[in-house]
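Contents: one structure, followed by commentary.
The values are calculated or read from the model by the stated rules, or taken from the named source; none is laboratory data. The structure presented is a predicted model; accordingly, all values stated were derived computationally and were not measured. Note that we place each Cβ from the backbone using ideal geometry, even for glycine, and neighbour counts take in every protein chain shown.
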Amino acid sequence: MTPGRRRDRAVYTRSHPALFALLTLTRRAATVRIGRTVLVHGTDPYRDALTRLPLDRAAAGTTGGIARDVSGGEGVLFDQAGADHRGARRALADALSAPGVERLRRLGREVLERRAAALATGGRVDVVDVAVELSGTVAAELLGLDLPPRRLAGAARAAAAAAARAHLPGPLASRNRHRARAAAGELLALIGDERAAMLAVAAVNTTVAALPRAVAWCADDGLWPQAADPATAAALAGELLRVLAPSPLLPRVAAADGTLAGRPVRAGDRLILVTRHAARAHDRDPDAVAAVPAATAQLVFGAGPHACPGARLARAQLVDALAAFAPYRPVVSRARVDRRSALPGWGFLEVSACG
């Protein structure tokens with residue numbers, strides 16, 4: 001196990017140890033049934049679940065159900081159903097077209113280059129804090145919001161974390177639901193629109209989860225030369241996103257009977273689609289020269305009508321982030337896992353220039 005993989009593994013083992021152990025024990029099978037829950041590990045059945053099997057996107061505990069909790073309303077973008085949803089995705093696709101992404105990248109580069117420059121004078125940089133500022137800046141511009149970046153990012157992170165905890169069973173379930181409603185209310189009061197609130201949640205939380213982990217992996221495994229080289233930078237960013245799998249699990253519910261990997265799935269079955277296993281994040285290290293097939297790497301952004309419309313922006317932002325840090329060849333000075341965030345990640349990750 002490389003140093004990069006060893007450190008990155010900690011975001012799972014320290015934040016969700018029982019779940020990580022279960023997924024590790026069952027990952028050799030393409031699908032595993034536990035009562036009415038089906039764990040989907042295999043690449044092909046994962047893709048089939050998103051493209052062939054009818055899904056109940058609004059069921060409790062699914063991404064759509066959590067989205068409703070966060071937004072406090074109906075018809076949010078991630079319900080993946082209806083003409084209203086399709087229209088919203090088309091509008092978002094326009095905003096995240098190649099010209100739209102380039103406009104957002106210019107804002108993001110200013111944040112990244114300004115914050116990374118502190119390394120040149122011997123300073124230390126918390127990459128999590130950089131990701132918070134970056135994600136808030138870009139999300140505010142994307143959504144046309146006149147809000148301080150950190151305030152927007154903080155509200156989006158709090159709403160996502162509270163909503164995720166609200167779907168956990170246990171004696172604190174009632175209190176967690178109350179806190180989730182309060183956090184959702186604060187986010188909506190700040191933004192004023194349900195769909196924009198969900199877009200902010202997605203953009204902010206995936207960026208804050210992925211970017212520090214990518215920087216740590218480059219630092220630990222000596223990948224800075226590849227990050228600095230224009231010939232390999234894009235491929236490295238794609239590979240890092242694959243192994244990081246910022247959303248490592250996709251909770252879904254089957255809306256009709258079907259099959260996955262030859263095994264029956266019944267309507268109402270809960271599906272846990274294990275993104276990191278489907279994309280071979282658990283057993284293929286990032287390699288810009290011998291990258292996995294694009295069709296497999298793309299699975300970290302979903303598939304078919306369930307593909308993430310922000311994939312182009314996510315890749316571009318990571319290329320820019322690595323380019324900003326690469327000249328300083330930073331190493332990790334201190335790090336702590338965030339045990340309460342919606343997605344596995346670091347609470348802080350402090351880096352300093354090498355030598």
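Okay, here's what the table says:
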read-out	value
The range 1-36, subset out of contact with any helix residue (DSSP H, G or I) (no Cβ under 8 Å at 6 or more places or on another chain) and part of a loop (DSSP other than H, G, I, E, B), residue surrounded by the fewest Cβ atoms within 10 Å (Cβ to Cβ)	GLY35
Residue count for the range 37-54, restricted to those that are exposed (fewer than 14 other Cβ atoms within 10 Å of the Cβ) and acidic (Asp, Glu)	1
The range 180-206, subset among the small types (Gly, Ala, Ser) and at pLDDT 90 or above, residue nearest to SER333 (Cα to Cα)	ALA203
Among residues of the range 182-212, those that are within 11 Å of the chain's Cα centre (by Cα) and more than 16 Å from ARG150 (Cβ to Cβ), counted	4
Residues of the range 304-351 classified as assigned to a loop (DSSP other than H, G, I, E, B) and either basic (Lys, Arg) or within 22 Å of ASP94 (Cβ to Cβ) (or both), total	7
Residue match in the range 207-227 (condition: over 30 Å from ARG329 (Cα atoms) and either modelled with pLDDT under 90 or of a type in the set (Val, Ile, Thr) (or both))	no
Condition check for ASP269: closer than 26 Å to GLY345 by Cβ and of a type outside the set (A, V, I, L, M, F, W, C)	no
Meets criteria (surrounded by fewer than 19 Cβ atoms within 10 Å (Cβ to Cβ), out of contact with any His (no Cβ under 7 Å at 6 or more places or on another chain), closer than 30 Å to VAL331 by Cα and of a type in the set (Lys, Arg)) for ARG115	no
Close pairs from the range 280-306: first more than 15 Å from ALA210 (Cβ to Cβ) and at pLDDT below 90, partner charged (D, E, K, R) and part of a helix (DSSP H, G or I), Cβ under 6 Å, at least 6 apart	ALA303/ARG47
GLY82 farther than 24 Å from GLU239 by Cβ, at pLDDT below 85 and either surrounded by fewer than 15 Cβ atoms within 10 Å (Cβ to Cβ) or in contact with a Lys or Arg (Cβ under 7 Å, 6 or more places away or on another chain) (or both)	yes
Members of the range 1-49 found to be under 13 Å from VAL265 (Cβ atoms), touching a residue at least 24 places away in the same chain (Cβ under 8 Å) and among the aliphatic types (A, V, I, L, M), listed by number	ALA30, VAL38, LEU39, VAL40, ALA49
Condition met for PRO309 (under 17 Å from LEU199 (Cα atoms) and either at pLDDT below 95 or crowded, with 20+ Cβ neighbours inside 10 Å (or both))	yes
Pairs, first free of Cβ contacts under 8 Å to residues at least 60 places away in the same chain in the range 123-135, second assigned to a helix (DSSP H, G or I) and β-branched (Val, Ile, Thr), C-beta under 9 Å, six or more apart	GLU133/VAL111
Residue within the range 49-68 that is modelled with pLDDT under 75 and among the acidic types (Asp, Glu) present	no
Whichever residue in the range 1-41 is in contact with a Lys or Arg (Cβ under 8 Å, 6 or more places away or on another chain) and of a type in the set (Lys, Arg) and, among such residues, is farthest from PRO286 (Cα to Cα)	ARG36
